[in-house]
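Some notes on the structure that comes next.
Just so you know, all these numbers are worked out from the coordinates, no wet-lab data involved. Quick caveat: nothing in here was measured; it's all calculated off a predicted structure. Here Cβ is always computed from backbone atoms with ideal geometry, including for glycine, and neighbour counts include all displayed protein chains.
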Amino acid sequence: MLELAIGIILGSCALGAGVAMIAGIGPGIGEGNAVAKACEAIGRQPECKGSVTTTMLMGCAVAETTGLYALVIAILLIFVAPGRLVDILMETIK
Amino acid sequence: MENDKQKFRLLDTLYILMMIVPIVFGIVLKILTTPQSEGIAISGAKIFFTINLPIQNLPITESQIHSWLVMIAITGLCLFLTHGLKEKADTKRQHIAEWIVENAQKLVIDNMGDYFSGFAPFIAAILSLSAFSSLLALFGLYAPTSDVNVTAGWAILVFFLITYYKMKCGPVVYAKSFGEPVPFLAPLNIISEFATPVSMAFRHYGNVLSGSVISVLLAVGLQGLSSMVLGKLPGFLGEFPLFQIGIPAVLSIYFDVFSGVLQAYIFAMLTMLYVAGAFPADEYFRRKAKKSTI
């Protein structure tokens, strides 16, 4: 019975981490759009290349934040949550 | 004359040693404290020892020690570059030092305006500390920026700076700024106030940590691949790391060098934008002009 409970904990942590990383789609699409527009802008005005590139990198980094939130959640679920949850389970059994 | 030259050379060697010795110290410490034959594993910062304090114990971790090493190395670099300055630049190092200072001032004044020109040393310090912390991973050491506590510390510092500049026109203007554009959005404004440091800390730490996690996964995968291909061969050939040569270096260039330096730049840039954006410039200068006329 205990093995089953621990197995459920580990399995759902891994599933949760996988589901959380679906959020990676959003920043991917967003950054792709940003880079596409930056390429268009450089094509139109090649002399602005420097400032367009720096602005694009800034925007990409800010757009990446949501993906990184998901990453932090996934990392917590994989490395931190199973140990904590198993500890809680052991304490409730005692 | 001869004596002065010798003294100059001696100080130079001292500063160069100050740059190199911390890195060597970190590598030696890592070799001494790494437990034997655990294989490749993903782990957080190691805790060396804990200082007992009344409210909460203070653990001294790898990330703290490595931050200090980076700080000492940067101090050595600065002292080396600014050693023996002359009125008219004629040495390479003085040209480099002047280039760095001019660019830092230009960056700050371009992004924050003339009022904040005093911010150049702070921004340059944050930029160099963050960049060199990430680059520490090139020596195989634990990068302090992949610990959320380090980046959260910097982000809290930036949060206090933002609040200080918002308070410049007194607490009434500060309190009013939460009721914009409509008063019932005040709770959301308060949440977004606290989301700023959280997102800054997570952005920097997440980027660096994800790079190191992917590098470790790749190393494990390549080890499995080469043992699968060569594992049947006898003796030394069976353990030869065929695929681990060169391939991880390509990822390291992206994750350690490009991503680390880019994140440092973005952290400094966001600091400048947030602090400059928090300062109610119109109101402040209007009041100042009013005061000076009276």
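A few remarks follow.
- In plain terms, the C-alpha convex hull of segment A:18-93 casts an average shadow of 5.9 nm² when viewed from every direction.
- 10 Å Cβ neighbours from other chains, averaged over peptide B:103-115: 0
- Here's the picture: charge each Lys and Arg Cβ at +1 and each Asp and Glu Cβ at -1 in the protein assembly as shown, and of A:GLY11, B:GLY238, B:VAL70 the one pushed furthest to the positive end of that dipole is B:VAL70.
- Dipole magnitude of chain B, debye to nearest 20 (Cβ charges: Lys/Arg +1, Asp/Glu -1, about Cα centre): 620 debye
- Full-stretch length increase - B:LYS176, B:ILE20 - with 0.36 nm per residue and alpha-carbon distance subtracted: 51.0 nm
- Pairs from the table (B:LYS7/B:LYS46; B:LYS106/B:LYS288; B:LYS176/B:LYS290; B:LYS86/B:LYS106; B:LYS88/B:LYS291) lying more than 32 angstrom apart at Cα are B:LYS7/B:LYS46; B:LYS88/B:LYS291.
- Between helix B:281-293 and chain B there is an angle of about 40 degrees, using the helix long axis and the longest principal axis of the Cα atoms.
- Folded to 0 to 90 degrees: helix B:186-230 orientation relative to chain B principal axis, Cα: 10 degrees
- Legend: Rg and Dmax of segment B:121-218, from Cα coordinates, 17.4, 55 Å.
- Simple label model, 7 Å out from Cα along Cβ direction - B:THR13 to B:LEU185, nm: 6.5 nm
- Segment B:136-152 versus segment B:18-83: alpha-carbon centroid distance in Å: 10 Å
- The C-alpha atoms of chain A define a longest principal axis, and helix A:25-44 lies at about 10 degrees to it.
- Radius of gyration and maximum dimension Dmax of chain B, Cα, Å: 24.4, 92
- Here is the P(r) of the protein assembly as shown: all C-alpha pair distances, binned every 10 Å from 0, give 4, 15, 25, 26, 18, 8, 3, 1, 0, 0 in whole percents.
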